[in-house]
Every structure is written in C-alpha cells, then in structure tokens.
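Scroll down for the structure; my scribbles are underneath it.
Coordinate-derived values only; no laboratory data. The structure presented is a predicted model; accordingly, all values stated were derived computationally and were not measured. Quick reminder, even Gly has a Cβ in these numbers, built from the backbone with ideal geometry, and neighbours come from all protein chains shown.
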Amino acid sequence: MNEAIKIGDIVLCQRCAEKTERCHCCGEPLLSNYTFFEGNQAAKYCDKCTARYPRCEDCGAPSGPYGTKLDDGRYLCPDCRRIAYFEPGMVTSIKQKVQSFINYNMGMTINHQFDFSLKGQDFIKRKAKDIHGDINGLFYRRGDDFSIYVLYGLREKDLIRVIAHEISHAWQAENCPKDMSLEDQEGFAQWVAYKALKYFNNDDFAALLTHGDDAYARGLSMMLDIESKGGPKAVFDAVRGDKQ
C-alpha cells in the first residue's frame, strides 16, 4: 500500500517521498529551495539548515549539529573535519610535493630557507596586522628570516592552494620590485596556486579562484590573460618588471 506522507504543507506518496533528495545536514526531504557549495551538487542543504548553523570554514556549507568548533573559533562540518590536517607532520608530504612542483614545474627557486608551521587564525591575524578578511596563510619576513604560516584544519586541496600561494610570496620577495601593486602581488601568487591545483587534479577547485571581484580574483584573471597572450614567461616578465 502506497500511503500518503505529509511533509510540512506538502503531501507525497511514499514512493515519491523515498525518491526525493534530502538535505545533507538534517536529512529532511528537499521540497523547495536548496543550496550547494563549491560546486558539489551531491551535497545539498535546505534553507533551514543554511540559516541555522555556522558555516564550515573549509567548504562554506552549514557545519550542522555534529560540526566541530576549533580552538580559534572556526567551525568545520563533519565531512571536512574528517579529512582536515591538524599536525605539522601530516602536512610535510603535501608541502614537499608543492615545493617540488614550484621548483621543477614552475622554475621558481627560492634561495632563503623558510620556517613552516601550522597556526591558528588568531596568531596569523596578529602577524598579518593590516590585512583583513579570512586569512588562511601568511608569508612573513623579518629581515632575512622568512616564515610561512598556514592554518591548521585545512583539507589537502586547501593546503595545496595556500602553500603554493605563500611560497610564491617568498619568491616575490627575492625576485620582484618592492612597489608591486596588490593585484600583481596577489594575482601572481594565485596564478601559481591555480597552476598547482590543476597539476594535482583539482581543476574544479582551481576554477573557483577566478570567481569574485577582490584583488586575488582580479589579479589572477590578469595573469591568466597575460599567459594566454605570451605564455608563462610573459607572466614572470611582468611581475619581475622586465621591459623586454
């Protein structure tokens, strides 16, 4: 017998109710509006959960009733918490493969040694001083001492993006004019991160870097335009200030 099931003001037969997509967070049927994040249509969220729960800092989705609040106040949803990295030793292999990509595939050599560490959001924001917004990593220079700080609790694809971005700033410190515009600085670093993500088979995530209207996205679009006309060498020439 196919009994009728009432969900809110909507009545469905049992067969249709079973076929209806459900909210990835609360499990209730999705009968009207829903939202998905990072292009992942396999995980859809109802309006109620989207409004009710703090957003996951990694994917942007509702953290849900089983989300984790980290020591620095960030929230992670269960899916991201399960694959996030929290210990420096866990990140070593990712850092090494990103460094290798930058050295050998991008031809970018950094002469300075740099310290690398995972830190909380509060620490990075204190070091960043005048930089506002969500900061997932930071290249910090004090004289000839180079340091790179990266947030703990990121997924592998986030780490690839952030590590590539910050190492690029270290390269800029050795190779580029000090009076670079913000769009040139951040655009080049995002360009290297974009290249790294695509190299490590995160094409969809790389494409997300082009979205938005901040200095990062505008700068990346500018670098991609330069590359489309003159190849990677043209990008390096542009950020070095070469007139050739």
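Of note:
- Helix 156-175 axis, angle to the chain major axis (alpha carbon atoms, nearest 10°): 20
- Within region 58-158: Cβ-based charge dipole about Cα centre, in debye rounded to nearest 20 (Lys, Arg +1; Asp, Glu -1): 40
- You can think of it this way: the chain between residue 228 and residue 174 has 16.9 nm of extra reach, that is 0.36 nm per residue less the Cα-Cα gap.
- Expressed in Å, the radius of gyration and Dmax of the Cα atoms of region 140-239 are 13.4, 38.
- Nonlocal amide H pairs with residue 44, under 5 Å, H built at 1.01 Å: 24
- Along region 89-97 the Karplus relation, 6.51 cos²θ - 1.76 cosθ + 1.60 evaluated at θ = phi - 60°, assigns HN-Hα couplings of x, 6, 9, 3, 5, 5, 4, 5, 6 Hz to successive residues, with x for each Gly and Pro.
- Neighbour-count order for 76, 118, 151, fewest beta carbons within 10 angstrom listed first: 118, 76, 151
- For the set 127/233; 125/233; 44/129; 198/229; 95/119; 178/233, the pairs lying more than 26 angstrom apart at their alpha carbons are 127/233; 125/233; 44/129.
- Rough spin-label spacing in nm, given labels placed 7 Å along Cα→Cβ, for residue 87 and residue 111: 3.8
- Against the main long axis of the alpha-carbon atoms of the chain, helix 215-240 sits at an angle near 40°.
- Taken over region 107-157, the percentage of Cα pairs per 10 Å bin, counting from 0 up to the bin with the maximum distance, is 23, 49, 26, 1.
- Among (i) 1.07; (ii) 1.02; (iii) 0.92, the entry that matches Rg/Rh (Cα atoms, Kirkwood Rh) as calculated here: (i)
- Residue 119 long-range amide H proximity, modeled H, under 5 Å: 150, 151, 152
- Max mean-square fluctuation residue, GNM over the chain, Cα-Cα springs under 10 Å, options 43, 217, 170: 43
- Scattering profile of region 25-93 at q = 0.12 Å⁻¹ [log10 I(q)/I(0), Debye over alpha-carbon scatterers]: -0.34
- Considering only alpha-carbon pairs that sit under 8 angstrom and 6 or more positions apart, the relative contact order computed for region 88-240 is 20 percent.
- In this label model, residue 72 and residue 128 are separated by 0.9 nm, measuring between points 7 Å along each Cα→Cβ vector.
- The chain - mean residue ellipticity at 222 nm from DSSP helices (-39,500 (n - 2.57) per run, n ≥ 4, rounded to 500): -14000 deg cm²/dmol
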